[in-house]
Amino acid sequence: MMGFKPWAYPPIGKTFFPTLDKRLKLLDATRKEAHTKAAQEVKEQIGAKFIPWKVGAKIWLDCCNLKINFPSQKLAPQ
């Protein structure tokens, strides 16, 4: 909305504490791994249900958002 993408996590910079650097790197790696696994699971769930259509196949069409050139749905051809 504002023209920029906000950061979910601030960028991790260099600190003066080696143990804090290790911890921040571990947290960043864990977050990236969790994001990758979640994206993979979503991809698998979507891919399992999708069956590509073939040209000429008969499909069901939900017409609730279908734009028609008639003054009302009642006057449109059935």
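Every read-out reported here was derived from the displayed coordinates using simple, explicitly stated rules and does not represent laboratory data. Only a predicted model underlies this, so the values are computations on that prediction, with no experimental measurement involved. A quick note on method: Cβ atoms are made from the backbone with ideal geometry, for glycine too, and the neighbour counts reach across all protein chains shown.
Condition first: loosely packed, with under 10 Cβ neighbours inside 10 Å and either in a helix (DSSP H, G or I) or not aromatic (Phe, Trp, Tyr) (or both). Now tell me which residues in the stretch 8-25 satisfy that. Ala8, Pro10, Pro11, Gly13, Lys14, Pro18, Thr19 - these are the residues of the stretch 8-25 that are loosely packed, with under 10 Cβ neighbours inside 10 Å and either in a helix (DSSP H, G or I) or not aromatic (Phe, Trp, Tyr) (or both). Taken over the stretch 26-78, the criterion of being among the aliphatic types (A, V, I, L, M) and part of a loop (DSSP other than H, G, I, E, B) is satisfied by Ile51, Val55, Ala57, Ile59, Leu61, Leu66, Ile68, Leu75, Ala76.
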